[in-house]
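Every read-out reported here was derived from the displayed coordinates using simple, explicitly stated rules and does not represent laboratory data. Note that the coordinates shown come from a computational prediction; the quantities given were computed from them, not determined experimentally. Note that each Cβ is placed from the backbone with ideal geometry, even for glycine, and that neighbours are counted across all protein chains shown.
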């Protein structure tokens, strides 16, 4: 069974968990915040990496071939590279 999640609902659930006296709920709220922070950092790093690879892809060989291969490996198509 798949459940669709939404950032707004995540925030509301986090707030509910934070106000609980149950240690498991407090732990869950803290862990959610930690994971969201880690995810934001990874997304920022990925964007910087993709931008750098796109820049390198405009260079001459062999850097260009290596950058194109790396972009393809992370699912960035040829049309998205330029």
Handout entry: Stretchable slack from residue 36 to residue 20, in nm (0.36 nm times residue separation minus alpha-carbon distance)
Key = 3.8 nm
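Exposure proxy check: 50, 43 ranked by fewest other beta carbons within 10 Å? Don't skip to the answer; put the middle values down first.
Working: 50 16, 43 10.
With the fewest neighbours first, 50, 43 line up as 43, 50.
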Fill in the blank from the handout: Taking N as the number of residues in the chain, the ratio of its alpha carbon radius of gyration to 2.2 N^0.38 Å works out to 1.66
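Relative to the present Cα-Cα distance, how much length would full extension add between residue 45 and residue 4 at 0.36 nm per residue of separation?
12.2 nm
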